[in-house]
Amino acid sequence: PGFVLAKKIYEMTQNLDWSKYEGMVLLNHGLFTFADTAKESYENHLRLVTEAEKFISKKKIKLAVGKSNSIDLMNLAILRKSVSEQMGKAVVAKLSNDRLSIGFSNLSNVKSIATRGTLTPDHVIRTKPIPVVIGKDPAKDVRAFAGNYKFYFECNTNDKLKILDPAPRWAVWPGQGVVSFGTSIKEANIVADIVEHTIAAIQLAEGLGGWKVLSEKDIFEMEYWELEQAKLASSVKALAFQGKIALVTGAASGIGRATVEYLTSHGASVIALDINKEVVDIFNKPNAKGLICDVTKDKDLKNSIDEAVRIFGGLDIIVSNAGIFTSSENIAGMSPENWEKSLRINLTSHQQLIKFAIPYLEQGIDPSIIIVGSKNVPAPGPGAGAYSVAKAGLTQ
């Protein structure tokens, strides 16, 4: 931990003439540079890092690459649910399935090199000491990880510490890549950034003579130092929908747009669907993605649901809101087109959306379906037969 480390270095270097030095390397931790000005210190850092990069490049160590496969979306949802259960709260699961991530996941010795420890001890606060390695049964693998984490805690605790949740913060998934977890997409992205550097550094270190890490005891002390324990004790209450993943239809305006804005402001990650192309620009944030979708087309609905799972890792909430108010026509003069259009958009599309979403909702955290109805059901107006009938069916 930082303060303990600073005191130790002070003790070791009291008689050192610092004017003769421009930097310091702490094994398993990193590079520090210093000078009389920030600019000179920064330039020293760049020069030494560049020197290291040139040295590594001369070794011509190749990072493993792999081919992108079709994503196993159902097992991704199962993995995300299992991690959420162990963490005691909903999480977002970010899959990185680029060629380098898949290449690393496919290494024959990945289980050994990935689970030796962190790249630098600071990372343990974000990533836990090691990732979970996924096989054929993600839920079983996460439970085993949690059991091993509890054992790790019992072996190293001084009986005064409070155990953190035993859930992994990232996963190595052979054939699929790596997965990063967080209670928000922002948190998951931070973990993913660390993981991206880690999987490259592991391979380079192996090529330079062997990937070695700090002892388990040292990593534990970093993970459980008193300031982190204090932070745990004073943790801020989570937002109502923190970590939840939602899909909202008819999201470009009105009730749908307001719903997306409400959910995201309360911690959810949302896929916002609309036939209006403007939805893509309206919702273009890490925690809210707009997608063009014609809810009357099964292919569009399926692709949109799959995209929600691909981007965020699962599905917890469906807000089935899309609808239209068809032209006013009395029953005697009702056109078949008007009648069918209302039934297709205001009724059938909702049934199809729910049908396609249910398999993923079954792997959701407290899964919910919210259907936006209409006051026309208890109080239909004249000339609104096509609309009112469809909404009455939807309400049922």
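General observations
- Per residue solvent-accessible surface (Å²) - region 321-396, probe of 1.4 Å: 55 Å²
- Ellipticity at 222 nm from helices only: DSSP H runs of n ≥ 4 in the chain, each -39500 (n - 2.57), divided by the residue count, give -14500 deg cm²/dmol.
- Rolling a 1.4 angstrom probe over the chain with all protein chains present gives an accessible area of which 55% lies on carbon and sulfur atoms.
- Three principal axis extents describe the C-alpha atoms of region 147-195; from largest down they are 37, 25, 15 Å.
- Part-to-part distance (alpha-carbon centres) for region 45-116 and region 348-376, which is given in Å: 34 Å
- Per residue, the accessible area of region 1-95 comes to 71 Å², computed with a 1.4 Å probe over protein heavy atoms only.
- Cα centroid separation - region 271-307 against region 146-180, whole Å: 36 Å
- Region 272-328: proportion of alpha-carbon pairs further apart than 14 angstrom, %: 59 percent
- Over all pairs of different C-alpha atoms, region 236-388 has a mean inverse distance whose reciprocal, the Kirkwood radius, equals 16.1 Å.
- Residue order by solvent-accessible surface for Val280, Val295 is Val280, Val295, largest first, with ligands and nucleic acids left out and a 1.4 Å probe.
- Among Ala167, Ala38, Ala252, the largest mean-square fluctuation in a Gaussian network model of the chain (Cα springs under 10 Å) belongs to Ala38.
- Cβ charges +1 (Lys, Arg) and -1 (Asp, Glu), total dipole of the chain, debye: 560 debye
- Farthest toward positive dipole pole in region 97-225 [+1 Lys/Arg, -1 Asp/Glu at C-beta], among Val195, Ser105, Ala205: Ser105
- Relative intensity, log₁₀ I(q)/I(0), of region 314-396 from a Debye sum that treats every alpha carbon as a point, q = 0.14, 0.21, 0.24 Å⁻¹: -0.51, -0.89, -1.06
- Heavy-atom accessible surface of region 161-266, averaged per residue, reaches 45 Å², computed with a 1.4 Å probe.
- Across all Cα pairs in region 61-173, the calculated P(r) in 10 Å bins from zero up to the longest distance comes to 13, 43, 34, 9, 1 percent per bin.
- Translational diffusion coefficient of the chain (Stokes-Einstein, Kirkwood radius from Cα pairs, 25 °C, 0.890 mPa s): 101 µm²/s.
- Histogram of C-alpha separations across region 125-221, 5 Å bin width, %: 3, 11, 19, 21, 23, 15, 7, 1, 0
- Charge tally in the Cβ shell below 13 Å around Asp294, where Lys, Arg are +1 and Asp, Glu are -1, Asp294 excluded: +3
- Largest GNM mean-square fluctuation among Ala230, Ala308, Ala386, using the chain with Cα springs under 10 Å: Ala230.
- Our analysis of region 35-96 gives Rg over Rh at 1.30, with the two radii drawn from alpha carbon positions and Rh computed by the Kirkwood formula.
- One quarter of the surface of the convex hull around the alpha-carbon atoms of region 1-79 equals 10.2 nm², the direction-averaged projected area.
- Springs join every pair of Cα atoms under 10 Å in this Gaussian network model of the chain, and among Glu278, Glu216, Glu51 the largest mean-square fluctuation is at Glu51.
The values are calculated or read from the model by the stated rules, or taken from the named source; none is laboratory data. As the structure is a prediction and not an experimental result, all values here were calculated from the model. When we count neighbours, we look across all protein chains shown, and the Cβ atoms used for this are built from the backbone with ideal geometry, even at glycine. The protein model used for the area step is the full one, side chains on, heavy atoms only, and it has no ligands, DNA or RNA in it. Shrake-Rupley method; radii C 1.70, N 1.55, O 1.52, S 1.80 Å.
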